[in-house]
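Working notes for the structure below.
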Amino acid sequence: MKTFYATTPIYYVNDLPHIGHIYTTVVTDVVTRFRRLIGEKTRFLTGTDEHGQNIEKAAAAQGVAPLALADRVVERYRELYRTFEIQNDDFIRTTEPRHRRGVEALIARIAAAGDFYTAKHEGWYCSSCEAFYTEKELDAEKLCPVHARPTTWESEENVFFRLSKYAAPLLEHYANHPEFVRPESRLAEVVAFVKGGLNDLSVSRSKVQWGIPFPGHPGHVVYVWLDALANYITALGFGSPDDRYYREFWDHAEARRVHFIGKDILRFHAVYWPAFLMSARLPPPTTVWTHGWWLRDAKKVSKSVGNVVRPDQLVADFGPDAFRYFLMREMSFGQDASFSDEAFLVRYNADLANDLGNTVSRVAALCRQSFGGTPRELCTDNEIMQAFGEAEADWRAAMTECQFHRALDAVWKLLTSVNGYVVAKEPWKIRKQEGADSARLHRVLSASAEGVRVAAVMLSPFIPSTSRKVFETFALDPKDPVPADLAWGRLPVSTPMPEAPALFPRADAAVYLSGKEGSMTDSATPPAAPPVPADDRIAIEDFQKVRLRTAKVVVAERVPKSNKLMRLEVDLGDERRQIVAGIAAQYAPEQLVGRNVVVVANLRPAKLMGVESNGMVLAAAVGEAGAPVLLDVPADVPPGSKVK
Ligand code: MSP
């Protein structure tokens, strides 16, 4: 069966997530949701890159162990993914034993091919890139071309990988697989780079301690990029006894293996990674999709420049969907785009509050006022159905090509058609002249409402929570749509419709910008504060804010399509509530029912895989992978007891 495996880069844990990281993750989420929506079998991987000199240094600067730093940053990523409804199937950390096993297996295969040798390594090194540059890649001042920071001359005895041997096979692969690097212009860059000649690559480090020991070379750790790139297969179980996912999603004739990355890490993905895989006789990725940079004040947004954009305030004020939409609409995939608060507000008001929000509320209000619910028949042959046919074809083609702004344009065109149709048909006049029973009125409003529904289906990969609200407004299940929902004519007939609040209330941009100046983004000049203060002790009052209670599990069932999530109903003495817990890989439902647990009772609700969770069950995170082990509460402690 054809499968679709999509990955983000794994993120360094010496920085907190910012717009650049969120962008790649949202892109991958949008693509995976789209592929599922058109009926494909998908798997979505993301994770963190936790080894190497930069992490070692950042942890030392904060007075913590590298793994402790990683744990904290990983938690921020997980929180962010919950906020943005990222539906990743797995999250790999390079400090996990399964990853180390896979890296060792990959290295064993490369060694068996005779592609390693030991030699002295000298060159210009950028510690931010963790990469060496040749003289010709640097300017007279020897500044790193990515970070514009001084490189240093380094010299050590290293293990080398025979990258030069793969120049010809790589060029042949590019020629036979023009889809290997997209957009096309980026492939040309890669070809030019390889044609310029490939030096062998040093793949071990003796000056760095924090890494995977290089097998057979005591005192050396694996070069962080060889370690990191391997994540794409180690997470699938490569090198582990259970390699089902590896066989299904990577090493399979009909498996599509797609990496989404930023242009700064193209060389690693399009040259080194396929060369390692060729040497190990494993299939290369199908496509490396490369996006541009988010800029602010014409500079790449990054911690080192000190102009980071973190979306916290925007999300608090406008919701995660507005930010997802902005990212996908404002950037033409492949090119750079600029972030500004003003640009965000223009998109918010014009596209979301006006075009989308008004169309939905107008059509819904007309249905509610006319029939108290949805129309009594389905209109199957009219201009909106035709407009949908065209929009759907354009949307599908654009989505397949990662032209997200064009896919959104196609949906907006459909919304404009619906609006134009409503204005031209004047249903309020039909109602006045012919009454609410008029067949013509039912037809006009059913075409309009169905037009809005299919638009919401096509928007669901981008703004999932908004689409669910639209479905609810039109008396449908508020869930992520399935392939059949992409067909015309699924609106329920004669069904009461609930009152619904505006999807995107209009923002007064002038007031917002003057009142919030500086708070939507970090200041442009001062460098970002260290991610986590060295002293992170809290006052007793802080702890008292967390309401911990004992509870008894009454119902436990796995969340469909999730390996990790379990839906629990717990008894808190005076109430019963639903909590979703990431414990399904460790516990079976029957081990949970009747068990006493500790829960955080005053946590804001969140949705996990579309299921609402009202609290959190406490568990110890055991081992490097943080496997959850539930805290035990003696059976005679009544549910609802305070834990302090
Ligand atoms: N750890 C490596 C990737 C290893 S993948 C085997 C890494 N991590 S990173 O955290 O620095 O960057 C991760 C991704 O974020 C990259 O794709 C990078 O392009 C992206 N972005 C970081 N800043 C960015 C912008 N300002 N704009 C868009 N994306 C950029 O590299």
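A few notes on this one:
- Those residues of region 302-336 which are among the charged types (D, E, K, R) and either closer than 22 Å to Thr83 by Cα or crowded, with 17+ Cβ neighbours inside 10 Å (or both), in sequence order: Lys303, Arg310, Asp312, Asp317, Asp321, Arg324, Arg329, Glu330
- Trp289, sole failed condition from (1) within 22 Å of Thr32 (Cβ to Cβ); (2) within 13 Å of the ligand (Cβ to nearest atom); (3) without any contact (Cβ under 8 Å) to a residue 60 or more places away in the chain: (3)
- Selected residue (only one of Lys195, Lys299, Lys207 is within 11 Å of the ligand (Cβ to nearest atom) and surrounded by fewer than 18 Cβ atoms within 10 Å (Cβ to Cβ)): Lys299
- Per the listing Ala140, Ala175, Ala167, the residue uniquely at pLDDT below 90 and either on the phi < 0 side of the Ramachandran plot or aromatic (Phe, Trp, Tyr) (or both) is Ala140.
- Condition met for Arg247 (in a helix (DSSP H, G or I), within 16 Å of the ligand (Cβ to nearest atom), farther than 25 Å from Ala192 by Cβ and not hydrophobic (A, V, I, L, M, F, W, C)): no
- Hey, Trp225 over 26 Å from the mean Cα position of the chain (by Cα) and closer than 22 Å to Phe91 by Cα or not: no
- Per-region count, region 598-628, residues in contact with a helix residue (DSSP H, G or I) (Cβ under 8 Å, 6 or more places away or on another chain), hydrophobic (A, V, I, L, M, F, W, C) and outside any strand (DSSP E or B): 1
- Qualifying position, being touching a Gly at 6+ places or on another chain (Cβ under 6 Å) and of a type in the set (D, E, K, R), among Asp227, Asp264, Asp243: Asp243
Residues checked against (1) modelled with pLDDT of 85 or more; (2) in a loop (DSSP other than H, G, I, E, B); (3) in contact with a His (Cβ under 6 Å, 6 or more places away or on another chain):
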| position | (1), (2), (3) |
| --- | --- |
| Asp522 | no, yes, no |
| Val553 | yes, no, no |
| Ala556 | yes, no, no |
| Lys561 | no, yes, no |
| Gly573 | yes, yes, no |
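- The single condition among (1) crowded, with 23+ Cβ neighbours inside 10 Å; (2) under 25 Å from Thr25 (Cβ atoms) that Ser279 does not satisfy is (2).
- Against the numbered list (1) in contact with a Gly (Cβ under 6 Å, 6 or more places away or on another chain); (2) under 28 Å from Glu50 (Cβ atoms), Leu618 comes up short only at (1).
- Complete set of residues in region 14-54 that are within 11 Å of the ligand (Cβ to nearest atom) and of a type in the set (Asp, Glu): Asp15, Asp49, Glu50
- Residue within region 372-390 that is under 30 Å from Ser438 (Cβ atoms), in contact with a strand residue (DSSP E or B) (Cβ under 9 Å, 6 or more places away or on another chain) and not polar (S, T, N, Q) present: yes
- For Pro492, the requirement of being under 20 Å from Ala398 (Cα atoms), modelled with pLDDT of 95 or more and not in a helix (DSSP H, G or I) is not met.
- Put simply, of Ala456, Ala447, Ala439 the only residue that is in contact with a Cys (Cβ under 6 Å, 6 or more places away or on another chain) and in contact (Cβ under 8 Å) with a residue 12 or more places away in the chain is Ala447.
- Filter pass, Val580 being under 14 Å from Arg549 (Cα atoms), surrounded by 15 or more Cβ atoms within 10 Å (Cβ to Cβ) and either out of contact with any Pro (no Cβ under 8 Å at 6 or more places or on another chain) or modelled with pLDDT under 90 (or both): no
- Note on region 110-124: residues that are buried (at least 17 other Cβ atoms within 10 Å of the Cβ) and at pLDDT 95 or above total 3.
- Applying the set (1) touching a helix residue (DSSP H, G or I) at 6+ places or on another chain (Cβ under 9 Å); (2) more than 9 Å from the ligand (Cβ to nearest atom) to Tyr11 leaves exactly one unmet item: (2).
- Apart from one condition, His269 fits all of (1) buried (at least 21 other Cβ atoms within 10 Å of the Cβ); (2) over 25 Å from Tyr223 (Cβ atoms); the exception is (2).
- If you go through region 262-306 and keep only what is at pLDDT 95 or above and part of a loop (DSSP other than H, G, I, E, B), you end up with Ala280, Arg281, Leu282, Pro283, Pro284, Pro285, Thr286, Gly292, Trp293.
- For region 157-186, a tally of residues being without any contact (Cβ under 8 Å) to a residue 60 or more places away in the chain, aliphatic (A, V, I, L, M) and buried (at least 16 other Cβ atoms within 10 Å of the Cβ) returns 1.
- When region 302-328 is filtered for residues that are within 14 Å of the ligand (Cβ to nearest atom), basic (Lys, Arg) and within 18 Å of the chain's Cα centre (by Cα), only Arg310 remains.
- Members of region 250-273 found to be away from the ligand (no atom under 11 Å from the Cβ) and under 19 Å from Tyr23 (Cβ atoms), listed by number: Val258
The values are calculated or read from the model by the stated rules, or taken from the named source; none is laboratory data. The structure presented is a predicted model; accordingly, all values stated were derived computationally and were not measured. So basically every Cβ, Gly included, is an ideal-geometry build from the backbone, and we count neighbours across all protein chains shown.
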